[in-house]
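Have a look at the structure below, then the notes.
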Amino acid sequence: MRTVALEEHFSIPAFAQRIGKDAISRRGYRPRNITPGAVNPMELLPEIGDKRLKSMDDAGITLQVLSHAGPNADLVRGPDGVAMARETNDHLAAAIARHPDRFKGFAMLPLQSPEACAAELKRAVKELGFLGALVNGTTEGRFLDHPSYDGLLAAAVELDVPIYIHPHIPPEAVRQAYYSDLPEGASRVLETAGWGWHSEVAIHLLRMVIAGTLDKHPKLKVIIGHMGEMLPMMMARVDQVFQHDIGHLKRKVSRTILDQVWITTSGIFDEPPFLVALLTFGIDRIMFSVDYPFAPDAAGRRFLSRIALSPADMAKLCHGNADALLKLKA
């Protein structure tokens, strides 16, 4: 079956070398611990060619929608950040042009220059053929509910493309308050993939609801990964505890989320969280993803082979929902 994966990553190491080491350190980047003999995903990130295609072919993945991971334009202020975002998108567009049936792209945006984000999104969509944008966590402590990003959100609505909200390393104050004084490697995992990433995206999205941002942009389409970033299990709870404090909103919190948010399976390949997502979001709002190379394509395929869905629902999960949201043509 045609299979689309849309939280799949690449990097440009040469670009990271142009960013000041102090900026990278302040953002919290630290080396990964790799068990001897294990695959280092950082070594796989830059390659958008034969090795990646073989992994996709072996796992039966038809198409990857690529987005940048690692230090990039969202760490760079002013014109240099705007230029780096543009170069990143051009680099990705060139890679897609070599394999247009296998790769598509989400734009990198110069988030430290909010006034330039809408223009770069429009260029990436209209000139480069990108399918939307991916935003990595907070920018200098700001979430997308900050008024400075209103033009970006309006542009996404105008273009009818989604914004994928992806995790990032927590800001320094959060790292110190929640994740300090622990063994270094375990601390890094706890603040990121082990817990912190998922709670951060959930907070990011809930802020956009509670601030009224999604009410202001009711046609904005948002994607979040990792089986809904823990939100599916909290939907009823959120409605219960917020019921007396959302008089400024047009909809219940859960209704807003279900109206405007799609989720992917990226990196979580277990049945219990999938069942919770299915019971809360429904099959029409769940899309398959792997999170390559941080998760292996083969693990995603094994997950698809284990879960029990009707043929029609499996088609929605594997490609139908992504095709509809991203306007993809087989």
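The values are calculated or read from the model by the stated rules, or taken from the named source; none is laboratory data. As the structure is a prediction and not an experimental result, all values here were calculated from the model. In this analysis, Cβ positions are derived from the backbone assuming ideal geometry, glycine residues included, and neighbour counts consider all displayed protein chains. All accessible areas refer to the heavy atoms of the entire protein, side chains included, with ligands and DNA or RNA removed. Shrake-Rupley method; radii C 1.70, N 1.55, O 1.52, S 1.80 Å.
Annotations for the structure displayed:
- Cross-chain or 6+ apart pairs with Cβ under 6 Å, segment 85-99 first and open to solvent by less than 20 Å² (accessible area, probe 1.4 Å), then among the polar types (S, T, N, Q): T88/N72
- Test: residue in segment 17-28 that is in contact (Cβ under 8 Å) with a residue 40 or more places away in the chain, touching a helix residue (DSSP H, G or I) at 6+ places or on another chain (Cβ under 8 Å) and over 25 Å from P170 (Cα atoms): no
- Residues being open to solvent by 10 Å² or more (accessible area, probe 1.4 Å) and either modelled with pLDDT under 95 or more than 17 Å from the chain's Cα centre (by Cα) (or both) - total across segment 143-158: 8
- Qualifying positions in segment 57-81 - assigned to a helix (DSSP H, G or I) and surrounded by 21 or more Cβ atoms within 10 Å (Cβ to Cβ): A73, D74, L75, G81
- Positions within segment 185-215 being open to solvent by 40 Å² or more (accessible area, probe 1.4 Å), within 24 Å of H248 (Cβ to Cβ) and among the aliphatic types (A, V, I, L, M), in sequence order: I203, I210, A211
- Selection within segment 5-22: residues that are part of a loop (DSSP other than H, G, I, E, B) and farther than 14 Å from M42 by Cα. The member of this set that is most open to solvent (accessible area, probe 1.4 Å) is Q17.
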